[in-house]
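The block underneath contains the structure these notes are about, expressed in structure tokens.
The values are calculated or read from the model by the stated rules, or taken from the named source; none is laboratory data. These numbers come from a predicted model, not from an experiment. Cβ atoms come from the backbone with ideal geometry, glycine included; neighbour counts cover every protein chain shown.
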Amino acid sequence: MTTATISTGQKKRRFSETIKNYWLDITLFFAFIIDMNTRFTGIPVHEWLGIAFGVALIYHLLLHWNWIVAITKRLLRKLPSGQRLRYVIDLLLFVDMVVLVMTGIWISEVAMGQLGLHFASKFFWRRLHAQTADLAIWLVALHLAFDWKWILNCTKRYVWQPLVGNSRALAQNTVSGGEQ
Ligand code: HEM
Ligand code: HEM
């Protein structure tokens, strides 16, 4: 009885953690894609979205903190295949993202001014911002490639199935409504 209660509770928690991770990952992904298109957003939206992205990223890292600690501890010992490569890519991605967001803040034309901060924007930092943004595309793609099965399963479960379920229910309602 107690075991059943605990395992149901644990299952529910794991389920809600998966949903939380999934929607945060989707948000990060689209924020990144939108922010890569500065002509589409304009500079003010680009800067605030970039800052929001940086904050969401910290939350993403906190949600995966246990994984980071566990792999860091076992880095010099035996690890399941692929985990070391995944760790190296995540580390490169982390450094790249930190430089991307920090150089963004450094060259800010709107957001920092609105906060009353003024930095001397230099050509070097602009170049570095653009280059880290380009590198991020490849690193994010690799980062996601490791979890493509998880992404596919979650998309089926939380997006596709509810959509198909709703449209089936709608179709059934229409048919039964027409029969009355
Ligand atoms: C556009 C940005 C990003 C997106 C869309 C993204 C997406 C994802 C996805 C789909 C997963 C696997 C599912 C999950 O458990 O949540 C994941 C895991 C993870 N992410 Fe990210 N992520 C991004 C940026 C980053 C960055 C910059 C780091 C910094 C190191 C990072 C660190 C991790 C870690 C440590 C994990 C768990 C281990 C792993 O699967 O690699 N992520 N992320
Ligand atoms: C997800 C994070 C970010 C991404 C992916 C990103 C990406 C980019 C890209 C691709 C450009 C165009 C570079 C070029 O070809 O000249 C750009 C420009 C710019 N970004 Fe970001 N950025 C991010 C965050 C930020 C942040 C947080 C700020 C400031 C708070 C910022 C401020 C700027 C400014 C002012 C420019 C114009 C630079 C110029 O005119 O040369 N960015 N960004």
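The table below gives the values:
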read-out: Subset of region 2-32 (residues that are over 11 Å from the mean Cα position of the chain (by Cα) and either under 25 Å from residue 104 (Cα atoms) or touching a residue at least 60 places away in the same chain (Cβ under 8 Å) (or both)); value: 18, 19
read-out: Enumeration of residues in region 90-117 that are among the hydrophobic types (A, V, I, L, M, F, W, C), more than 17 Å from residue 28 (Cα to Cα) and either part of a loop (DSSP other than H, G, I, E, B) or in contact with a His (Cβ under 6 Å, 6 or more places away or on another chain) (or both); value: 107, 110, 115, 117
read-out: Region 66-86, residues that are under 20 Å from residue 17 (Cα atoms), surrounded by 10 or more Cβ atoms within 10 Å (Cβ to Cβ) and not aliphatic (A, V, I, L, M); value: 67
read-out: Qualifying residue in region 131-144 (condition: over 30 Å from residue 22 (Cβ atoms) and within 13 Å of ligand 2 (Cβ to nearest atom)); value: yes
read-out: Residue match in region 155-176 (condition: within 12 Å of ligand 1 (Cβ to nearest atom) and on the phi < 0 side of the Ramachandran plot); value: yes
read-out: Test: residue in region 58-76 that is more than 10 Å from ligand 1 (Cβ to nearest atom), outside any helix (DSSP H, G or I), over 19 Å from the mean Cα position of the chain (by Cα) and at pLDDT below 95; value: yes
read-out: Residue in region 28-37 that is away from ligand 1 (no atom under 13 Å from the Cβ), within 21 Å of residue 134 (Cβ to Cβ) and not in a helix (DSSP H, G or I) present; value: yes
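Listed here are the residues, each with its yes/no results for (1) within 10 Å of ligand 2 (Cβ to nearest atom); (2) acidic (Asp, Glu); (3) touching a Leu at 6+ places or on another chain (Cβ under 8 Å).
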{"residue": "22", "(1), (2), (3)": "no, no, no"}
{"residue": "27", "(1), (2), (3)": "no, no, no"}
{"residue": "52", "(1), (2), (3)": "yes, no, no"}
{"residue": "57", "(1), (2), (3)": "yes, no, yes"}
{"residue": "64", "(1), (2), (3)": "no, no, no"}
{"residue": "82", "(1), (2), (3)": "no, no, no"}
{"residue": "92", "(1), (2), (3)": "no, no, yes"}
